[in-house]
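Taken together, the values in this text are just the output of simple stated rules run on the coordinates, not laboratory data. Everything numeric in this text was worked out from a predicted model, so none of it was measured. Positions of Cβ are backbone-derived with ideal geometry, glycine not excepted, and every protein chain shown enters the neighbour counts.
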Amino acid sequence: MQDDSFSTTLPDPRDPAWEPRADHMRAALRQAQRAADQKEVPIGAAIYFGNRLIAQAYNQVETLKDPTAHAEVIAITQAASALGDWRLTGCVLYVTKEPCPMCAGAIILARLPMAVWGVTDPQRGGAVSRFQILQNPAMNHRTEFRAGFMEEECRTILSGFFKELRSS
Ligand SMILES: [Zn+2]
């Protein structure tokens, strides 16, 4: 059954319980590195339920030959399976780069209260840049976010990958 109720319980970003954590982003960074090792665009994601890591994934579009195999979507599927619930209320998604429109849509559908990313993508970002899906009044859920968290580390993996691509 579809749940069309509007979710109004956004986390208060000033609440220290929702403060992004470096060790949580590092789980996403490790996944991004795995993607880079496999010549995938190096984007990694991790989902935490409190302090429990319940999902971690990296972009696998080339490996799986699946245009939807983005890190965030794979992680959301894993997290839902781990919790036995498609509603990921109480979870925080960490991703090294701003979600694309598909992933931002999946974040909304999963009712994630909070998304944290490193590198913002002004060209194609679906969360708050090019499209503002995470806080769009037309959606029945809104997701709080923190952009630019550990941006330097997240950008280093991405730019290293594209540099290597250009020189090969
Ligand atoms: Zn995506």
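Write down the percent of antiparallel bridges among all DSSP beta bridges whose residues are both part of segment 1-158, to the nearest 5.
Here the share of antiparallel DSSP bridges comes out near 60 percent.
On a full-extension model of 0.36 nm per residue, what is the gain between residue 65 and residue 167, subtracting their alpha-carbon distance, rounded to one decimal in nm?
34.3 nm
Contour minus end-to-end for residue 89 and residue 77, with contour as 0.36 nm per residue of separation and end-to-end as the Cα-Cα distance?
2.9 nm
Could I have the simple spin-label model distance between residue 155 and residue 18, label points 7 Å from Cα toward Cβ, reported in nm to one decimal?
Here the answer is 2.6 nm between the modelled labels.
Can you check what the net charge comes to around residue 147, using other residues whose Cβ is under 14 Å from the Cβ of residue 147 (Lys, Arg +1; Asp, Glu -1)?
Neighbourhood net charge equals -1.
For the chain, what log10 I(q)/I(0) values come out of the Debye formula at q = 0.09 1/Å, with one point per alpha carbon and no solvent?
-0.27
Based on the alpha-carbon gyration tensor of segment 88-168 and its eigenvalue square roots a ≥ b ≥ c, which shape applies: rounded if a/c is under 1.5, prolate if not and a/b is larger than b/c, or oblate?
Note, shape of segment 88-168 comes out prolate.
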